[in-house]
Amino acid sequence: MRIEPKNTVGGVVSVPGDKSISHRAVILGAIAHGVTEVHGFLRGEDNLATVACLRQLGVECAEDVEGGILRVQGVGLHGLKAPKDVLYCGNSATTMRLLCGLLAGQGFDSVLDGDKSLQKRPMERVVAPLRMMGAKIDSLDGFAPLKIHGRPLNGIHYQMPIHSAQVKSAILLAGLYAAGKTTVAELGKGLTRNHTENMLTYMQGDNGLVARKIEVAGDFSSAAFFVVLGILLADEGLTIKNVGLNPTRTGLLSALRSMGGHVETRHIKTTGSEAVGDIFVKKSNLNAITLSGKQIPLMVDEIPIFAVCALFAAGTTIIKDAQELAIKETNRLHAMAAELAKMGANITADHQGMIIHGGKPLHGATLSSHGDHRIAMSLAIAAMAAKTPSILKNAHWAAISFPNFFNVL
């Protein structure tokens, strides 16, 4: 794909529904009583993998594509059926890790597998605490495929050794089937995404989970690309409408404000269990900052696009404690540093962060997405702000979380 630079951008845009919330709405709707209507469901490849797996488990999911609604016919906590085949999770680690927790306490066996990329993602982090609950799960040296032998579980108190909302969610889902109380304590003072906790509370009834209407706001992680684009190029401002503003997700906005970025949140309301609003950004003069510690979990998926933004800040930006990015779809730290260097950026990466020397203009280059949706979209924004055109190879990976990204761009 050829991407031409722009001198300015502006207007009003919308982004697709939140990927994390869409996953959880379908999973919890599947084990609730009644029909859960998920409005704004993200039809990205990862979320559709979750839907496909639940259908194999006996859950009816009816799509109204034009209306943007997914209707999930809940089977109750103990209504899932044994799958007749391997549950294929595609490229979605969220699907695999959350379903691992859901299936550990069932009365049947199941197998979770995925594509070659997902087979390289670490699964021991979720398998280990589930085994502490009594689960029997076979893995390939800590990697998929995962063979789950369903059996009774016991509640545990689990102290998280890492920041991971997926691990936390898997334990909480398993806790629904465990005897006794299950509690999870976060690492240090950092918080990870709390969509699972919010939705469990929202759907809690007197006798288990009950179906609710769930309105999925725009995905903050998808909005982040346009937030940065506006900070770099929107002379008159750019508005991103109806975005989820859960405080465990919006660390990027705080980071940009610390750099001197013009960022406003407007028309904030609560929908279901989540805060929603509009984001207004405007071209700004930026100064370098240091990111570390508890700031990282609040913007872990936004680090690649933040790195692009930091290239336009005066001074040297330092990112630390971001080792989680080394085990995403690719090593996002090294991949972003390598691709942005092709554009003339002065940027280095190690196993847990980046050093970014800002203020040097970018030029066009031939870039690769590395088969990673967030890298594809981050590089597209960098190309828009460069001085000459770029070619982005394998741009189609953006469809994992943002199927119409390039149309909106």
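Odds and ends about this structure:
- Pairs linking a residue in the stretch 354-370 that is under 20 Å from residue 6 (Cα atoms) and in contact (Cβ under 8 Å) with a residue 60 or more places away in the chain to a residue that is of a type in the set (Gly, Ala, Ser) and open to solvent by less than 20 Å² (accessible area, probe 1.4 Å), with Cβ atoms under 8 Å and 6 or more positions apart or on different chains, are 358/310; 358/313; 364/383; 364/386; 364/390.
- Residue within the stretch 262-269 that is touching a residue at least 40 places away in the same chain (Cβ under 8 Å) and either among the hydroxyl-bearing types (Ser, Thr, Tyr) or open to solvent by less than 30 Å² (accessible area, probe 1.4 Å) (or both) present: no
- Within this structure, residue 403 passes the test of being open to solvent by 10 Å² or more (accessible area, probe 1.4 Å) and under 29 Å from residue 19 (Cα atoms).
- Test: residue in the stretch 350-366 that is open to solvent by 30 Å² or more (accessible area, probe 1.4 Å), closer than 30 Å to residue 200 by Cα and out of contact with any Cys (no Cβ under 8 Å at 6 or more places or on another chain): no
- Evaluated against (1) surrounded by fewer than 20 Cβ atoms within 10 Å (Cβ to Cβ); (2) modelled with pLDDT of 95 or more, residue 146 falls short on exactly one condition, (1).
- Unique match (being open to solvent by 20 Å² or more (accessible area, probe 1.4 Å), over 21 Å from the mean Cα position of the chain (by Cα) and among the hydrophobic types (A, V, I, L, M, F, W, C)) among 341, 275: 341
- Taking the criterion of being in contact with a strand residue (DSSP E or B) (Cβ under 8 Å, 6 or more places away or on another chain), in a strand (DSSP E or B) and aliphatic (A, V, I, L, M), the residues of the stretch 131-166 that qualify are 137, 144, 146, 148, 153.
Yes/no per residue for (1) farther than 30 Å from residue 23 by Cα; (2) out of contact with any Lys or Arg (no Cβ under 6 Å at 6 or more places or on another chain); (3) at pLDDT below 95; (4) not in a loop (DSSP other than H, G, I, E, B):
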| position | (1), (2), (3), (4) |
| --- | --- |
| 325 | no, no, yes, yes |
| 329 | no, yes, yes, no |
| 347 | yes, yes, no, yes |
| 355 | yes, yes, no, yes |
| 383 | yes, yes, no, yes |
| 386 | yes, yes, no, no |
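- Of the numbered criteria (1) open to solvent by 50 Å² or more (accessible area, probe 1.4 Å); (2) in contact with a Gly (Cβ under 9 Å, 6 or more places away or on another chain), the one residue 409 fails is (2).
- Residue within the stretch 172-186 that is open to solvent by 30 Å² or more (accessible area, probe 1.4 Å), at pLDDT 95 or above and in contact with a Lys or Arg (Cβ under 8 Å, 6 or more places away or on another chain) present: yes
- Hits in the stretch 301-330 - residues which are of a type in the set (Gly, Ala, Ser) and either more than 19 Å from residue 287 (Cβ to Cβ) or surrounded by fewer than 24 Cβ atoms within 10 Å (Cβ to Cβ) (or both): 313, 314, 315, 322, 326
- Test result for residue 164, hydroxyl-bearing (Ser, Thr, Tyr), out of contact with any His (no Cβ under 7 Å at 6 or more places or on another chain), closer than 26 Å to residue 277 by Cα and modelled with pLDDT of 95 or more: no
- The residue list 248, 239 contains one member that is among the β-branched types (Val, Ile, Thr) and open to solvent by 20 Å² or more (accessible area, probe 1.4 Å), which is 239.
- Residues satisfying the stated conditions in the stretch 189-225, i.e. over 16 Å from residue 23 (Cβ atoms), open to solvent by 10 Å² or more (accessible area, probe 1.4 Å) and of a type outside the set (Lys, Arg): 191, 201, 204, 205, 206, 207, 208, 210, 211
- The residue that is most open to solvent (accessible area, probe 1.4 Å), counting only those in the stretch 278-300 that are in contact with a strand residue (DSSP E or B) (Cβ under 6 Å, 6 or more places away or on another chain) and under 26 Å from residue 12 (Cβ atoms), is 282.
The values are calculated or read from the model by the stated rules, or taken from the named source; none is laboratory data. Given the structure is predicted, the values throughout are model-derived calculations rather than measurements. No Cβ is skipped: glycine too gets one built from the backbone with ideal geometry, and neighbour counts run over all protein chains shown. Heavy atoms of the whole protein, side chains included, go into the accessibility calculation; ligands, DNA and RNA do not. Shrake-Rupley method; radii C 1.70, N 1.55, O 1.52, S 1.80 Å.
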